[in-house]
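Working notes, structure below.
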Amino acid sequence: MAANVALSQALAYARDLKNLYEVSRAREEETVRAHGKLRAAYQQSLVYAIDLKKTHRRLQRSIFQSLLGLANALEAKDEYTRGHSERVAALARRLALEAGLAVREAEMMSQAGLLHDLGKIGVPEGILRKPGPLSEEEWSVMRRHPLTGAQIVAPLEFFADGALIVRHHHERADGSGYPDGLSGETIPLGARVVAVADVYDALTSERPYRRGLTHAAALERLAAESGSTLDSRLTRLFIDMVADAPPDRAVSD
């Protein structure tokens, strides 16, 4: 009798263990299925994130092209500045490569050169086209254009370094520039590159208040400014780079 009771209890324990095992297996399988669903959802979210990032980049590139069109339209209104930014961009790219910078950096500096004067959209035409020297009040308005340009391009995340160039392309090595009075190597390298290209093209271009300098005369002016207002190394590189260029027009790529 006792043996029958013991056997019955053993069978009951076995059934309970089997039930527990089956429940445990079911829960494990459910966990595996849940993990699979989570992995699939995670992979899908990654795809969505990549697509969203691509869309965001395309949107930013589209905005950049719109700003470039705006800058071109701004220059096209003035025969004296027409083509200035394109020439500055080409020269800045060449100088960056001459200085040993990577192609990607050179391209970014070129793009900044295209947009460096975008902030002049906030400067009245009467100041931009004035045929004589600007008054101090007019200069205070003109000196705001790098800040305005930097604020316009600031929302473009991929162009953060370019925004710094736009802001600081009128800083000078001796600290006499604007808007922040930076000096020497505290000025971003890209801004120093664009500054040399900008000054050269401005010197060789016609303006309402003066005739453009010859190529040779412009290089003499650059040499005189080397180390004082313009980065000395970059200025020397630039002069060597364009020494054999035609003297009667700005250099282009």
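Only residues that are at pLDDT below 95 and part of a loop (DSSP other than H, G, I, E, B) were counted across the range 179-227, and they come to 9. In this structure, does Leu97 turn out to be over 25 Å from His215 (Cα atoms) and either assigned to a loop (DSSP other than H, G, I, E, B) or open to solvent by 10 Å² or more (accessible area, probe 1.4 Å) (or both)? Judged against the criteria, Leu97 is not a match.
Within the range 104-128, being touching a Lys or Arg at 6+ places or on another chain (Cβ under 9 Å) and either open to solvent by 80 Å² or more (accessible area, probe 1.4 Å) or touching a residue at least 60 places away in the same chain (Cβ under 8 Å) (or both) holds for Met109, Gly113, Glu125. Scanning the range 246-253 turns up one or more residues that are open to solvent by less than 30 Å² (accessible area, probe 1.4 Å) and at pLDDT below 95. If the condition is being modelled with pLDDT under 90 and under 17 Å from His168 (Cβ atoms), then the range 73-121 contributes no residue at all. For Ile127, the criteria (1) modelled with pLDDT of 95 or more; (2) in a helix (DSSP H, G or I) hold in every case but one, which is (1).
Would you be able to tell me the number of residues in the range 182-216 that are loosely packed, with under 14 Cβ neighbours inside 10 Å and under 16 Å from Leu237 (Cα atoms)? Number of matching residues: 1. Of the listed requirements (1) in contact with a helix residue (DSSP H, G or I) (Cβ under 8 Å, 6 or more places away or on another chain); (2) surrounded by fewer than 16 Cβ atoms within 10 Å (Cβ to Cβ); (3) closer than 25 Å to Ser232 by Cα; (4) not aliphatic (A, V, I, L, M), Ser176 misses just one: (1). Residues in the range 130-172 that are open to solvent by 20 Å² or more (accessible area, probe 1.4 Å), part of a helix (DSSP H, G or I) and in contact (Cβ under 8 Å) with a residue 60 or more places away in the chain: Ile152, Glu157, Phe158.
The values are calculated or read from the model by the stated rules, or taken from the named source; none is laboratory data. Keep in mind it's a predicted model, so treat the numbers as computed, not measured. Don't worry about glycine lacking a Cβ; one is built from the backbone with ideal geometry, like all the others, and counts go over all protein chains shown. Just so you know, the surface numbers come from the protein's heavy atoms only, side chains and all, with ligands and any DNA or RNA stripped out. Shrake-Rupley method; radii C 1.70, N 1.55, O 1.52, S 1.80 Å.
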